Amino acid sequence: SGTTHIIALNLLWGLESFDGKQRKWLEKNLASIPKSDTTIVLSHSFIRGSGYVDPSTGIKWYDEPNMLKTLAPILENAGVDLVVSGHNHFMEYLKAPPAAGQERGTSYAIIGAMGGLPDMERTYTSPCSKWYKTNAFGFLDVTISDGHMKLTFRDKDGKPIHEETR
């Protein structure tokens, strides 16, 4: 829409569906977007995130190593402004350091707090974490104007609980 580009990735749990064809498609599309435009990527599966080790399965639900090794560099080197994901049932704002040649790093928002049971309290904090909220339902409101992006995390009644500006 105008100078805002939204790319949805079909990543349910991780990279199980991210094959060579999808990777080429993503890289080609990201390369075609002017650096001055706003780029948002949506995915169910998170890439960066705080979390915990599931006590019943031993699965680590945080900073997923394969996603960080494979997908994060593609998005961050392309200058993606914001990656919005769910999967984990809490709200979190994360900021990656700028990639080489980038002025600012990619922002990440986890907003899996729209329903279902909230996750347990985190036992691991991602080094990129800037704000975290659990045990509350809510959503993310993104406003884009004049080359700026305002992220407003809201509670279930729409009341702002945290804001970030890019």
- [ ] Provide a single number: the residues in the range 145-166 that are open to solvent by 60 Å² or more (accessible area, probe 1.4 Å), closer than 19 Å to residue 81 by Cα and in a strand (DSSP E or B).
- [x] 5
Task: Residue list for the range 60-105, restricted to those being more than 22 Å from residue 16 (Cβ to Cβ), free of Cβ contacts under 8 Å to residues at least 60 places away in the same chain and of a type in the set (D, E, K, R) - done: 92, 95, 103
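This table checks each residue for (1) open to solvent by less than 50 Å² (accessible area, probe 1.4 Å); (2) assigned to a loop (DSSP other than H, G, I, E, B).
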| site | (1), (2) |
| --- | --- |
| 16 | no, yes |
| 25 | no, no |
| 28 | no, no |
| 33 | yes, yes |
| 55 | no, yes |
| 63 | yes, yes |
| 76 | yes, no |
| 88 | yes, yes |
Task: Index of the failed condition, residue 142 passing every other in (1) at pLDDT 95 or above; (2) out of contact with any Pro (no Cβ under 6 Å at 6 or more places or on another chain); (3) open to solvent by less than 40 Å² (accessible area, probe 1.4 Å) - done: (3)
TODO: Scan (1) in contact with a Cys (Cβ under 9 Å, 6 or more places away or on another chain); (2) more than 25 Å from residue 17 (Cβ to Cβ) for the single condition residue 127 breaks and write down its number.
DONE: (1)
Open item on the list: Looking only at the range 35-47, how many residues end up being modelled with pLDDT of 95 or more and part of a loop (DSSP other than H, G, I, E, B)?
Closed with: 0
TODO: Check whether at least one residue in the range 38-52 is farther than 24 Å from residue 150 by Cα and either free of Cβ contacts under 8 Å to residues at least 60 places away in the same chain or open to solvent by less than 70 Å² (accessible area, probe 1.4 Å) (or both), and report yes or no.
DONE: yes
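Could you tell me which of the residues 123, 134, 39 is in contact with a His (Cβ under 9 Å, 6 or more places away or on another chain) and more than 25 Å from residue 10 (Cα to Cα)? Give the derivation first.
Numbers: 123 fails: in contact with a His (Cβ under 9 Å, 6 or more places away or on another chain); 39 fails: more than 25 Å from residue 10 (Cα to Cα).
Answer to the check: 134.
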- [ ] Could you tell me whether the range 100-123 includes any residue that is at pLDDT 85 or above, in contact with an Asp or Glu (Cβ under 6 Å, 6 or more places away or on another chain) and assigned to a loop (DSSP other than H, G, I, E, B)?
- [x] yes
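The values are calculated or read from the model by the stated rules, or taken from the named source; none is laboratory data. What you are looking at is a predicted structure, and each value in this text was computed from that prediction instead of being measured. Here the Cβ is made from the backbone with ideal geometry for all residues, glycine too, and neighbour counts use every protein chain on show. To get the accessible areas, we keep the full protein, side chains included, count just its heavy atoms, and leave off ligands, DNA and RNA. Shrake-Rupley method; radii C 1.70, N 1.55, O 1.52, S 1.80 Å.
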